[in-house]
Amino acid sequence: MAQMPAYVETAGYSWTSTLGFCTRAAVGDVGIILGIYAAGALAAGDLGWGLRGRWNIYATVAVLGLAYAALVEHAALSAGRWSYTERMPMVSVLGAGLWPLLQMTLLPPLTFLFARWWAGRSATKGAL
């Protein structure tokens, strides 16, 4: 929701009027993260690979998130699905806005870290 003033389609609108758009975007982000997890599970041959908590896992999912965000932003901008206002800092080498790139670079590793914490917490509660 904090990014919405940086998009022409949502700038100047209340958060309630952009809720549907933002909800669809959030569901898309969940799908991206699930896709990254599924690809990693296939590559590793281990469904629990993302819960290991090693630095290389977090680095890999951050790079995959950045790459996917760059592709989605470039495709959406080219197709006219959305556009930026002057409030969106641009990463010219990737042809996309900084905020969505930063979001999808940080969101996957933070999600995996939270999932690891949650799985450890659940395992501890189950042992009690």
* **Of residues in the range 44-61 being surrounded by fewer than 13 Cβ atoms within 10 Å (Cβ to Cβ) and of a type in the set (A, V, I, L, M, F, W, C), the one farthest from LEU102 (Cα to Cα)** => LEU47
* Asked: Can you pull out the residues in the range 5-24 that are surrounded by 17 or more Cβ atoms within 10 Å (Cβ to Cβ) and either at pLDDT 90 or above or part of a helix (DSSP H, G or I) (or both)?
  -> ALA6, TYR7
* Structure fact -> For the range 61-75, pairs from a residue that is farther than 10 Å from ILE32 by Cβ to a residue that is among the hydroxyl-bearing types (Ser, Thr, Tyr), with Cβ under 7 Å and 6 or more apart or across chains, are ALA62/THR105; LEU66/THR105
* Evaluation of TYR68 against (1) modelled with pLDDT of 95 or more; (2) under 11 Å from the mean Cα position of the chain (by Cα) (one fails), failing number -> (1)
* Asked: Scanning the range 92-109 for residues that are in contact (Cβ under 8 Å) with a residue 24 or more places away in the chain and assigned to a loop (DSSP other than H, G, I, E, B), which turns out surrounded by the fewest Cβ atoms within 10 Å (Cβ to Cβ)?
  -> GLY95
* Taking the condition within 24 Å of ARG54 (Cβ to Cβ), in a helix (DSSP H, G or I) and either among the small types (Gly, Ala, Ser) or at pLDDT 95 or above (or both), does ALA115 pass? -> yes
* Please work out which one of (1) among the aliphatic types (A, V, I, L, M); (2) surrounded by 11 or more Cβ atoms within 10 Å (Cβ to Cβ); (3) part of a helix (DSSP H, G or I); (4) under 16 Å from the mean Cα position of the chain (by Cα) is the condition MET1 fails and give its number. => (3)
* Residues (more than 14 Å from LEU107 (Cα to Cα) and of a type in the set (A, V, I, L, M)) located in the range 33-59 -> ALA38, ALA39, ALA41, LEU42, ALA43, ALA44, LEU47, LEU51
* Asked: Does ALA67 fit the bill of being crowded, with 18+ Cβ neighbours inside 10 Å and in a helix (DSSP H, G or I)?
  -> no
* Asked: Residue check, ARG87 against (1) outside any helix (DSSP H, G or I); (2) surrounded by fewer than 11 Cβ atoms within 10 Å (Cβ to Cβ); (3) of a type in the set (Lys, Arg), all met but one. Which one?
  -> (2)
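The values are calculated or read from the model by the stated rules, or taken from the named source; none is laboratory data. Note that the structure is predicted; figures quoted are calculated from it, not measured. Please note: Cβ atoms are built from the backbone with ideal geometry, for glycine as well, and neighbour counts cover all protein chains shown.
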